[in-house]
Amino acid sequence: MHEEPEPQEDSGHVREGHAEIVDAAKKKEHHEDVKEKLKRKEFEIFVGGLDKDATEDDLRKVFSEVGNVTDVRLMMNPQTKKNKGFAFLRFATVEQAKRAFTELKNPLVLP
């Protein structure tokens, strides 16, 4: 009887089948990351036209009237140390974010 030798794996090379599985896993992980980011964006609103002296506390004070503000990202100018006139606010629920968006179209945020 003549036996064929078993194929040897070359540790320096990735098998094609394994590479496809790794590729698929990375794509799925990326897809899940994108879905999660999009979901988080539903909780967030953009606020523009802010006074350059407005602070995170000023924004929290105004927007907490319509919901629980869980995060404020006030974009700052590193040279002037003043805000750039816009921010992103995240709320505890999507409903609160929608309420802030509809009820506070032109909020007065005073420093």
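The values are calculated or read from the model by the stated rules, or taken from the named source; none is laboratory data. Just so it is clear, the model here is predicted, and its values are computed rather than measured. Cβ coordinates were reconstructed from backbone atoms using ideal geometry, including for glycine residues, and neighbour counts include every protein chain displayed.
Could you give every pair whose Cβ atoms fall below 9 Å, whose first residue belongs to region 46-58 and is among the aromatic types (Phe, Trp, Tyr), and whose second residue is at pLDDT 95 or above, counting only separations of at least 6 or pairs across chains?
Phe46/Phe86; Phe46/Ala87; Phe46/Phe88; Phe46/Leu89
Taking the condition of being over 12 Å from Val47 (Cβ atoms) and surrounded by 15 or more Cβ atoms within 10 Å (Cβ to Cβ), how many residues in region 92-102 meet it?
Of region 92-102, the ones over 12 Å from Val47 (Cβ atoms) are 92-96, 98-99, 102.
Within this subset, residues satisfying the condition of being surrounded by 15 or more Cβ atoms within 10 Å (Cβ to Cβ) are 96, 98-99.
Looking only at that region, the number is 3.
Can you list residue pairs whose Cβ atoms sit under 8 Å apart, with the first residue in region 66-79 being crowded, with 17+ Cβ neighbours inside 10 Å and the second being part of a loop (DSSP other than H, G, I, E, B) and of a type in the set (Val, Ile, Thr)? Count only pairs 6 or more apart in sequence or on different chains.
Matching pairs, first to second residue: Gly67/Thr93; Leu74/Thr55.
Exactly one of these conditions fails for Lys84: (1) exposed (fewer than 13 other Cβ atoms within 10 Å of the Cβ); (2) under 11 Å from Asp53 (Cα atoms); (3) modelled with pLDDT of 95 or more. Give me its number.
It fails just one condition, (1).
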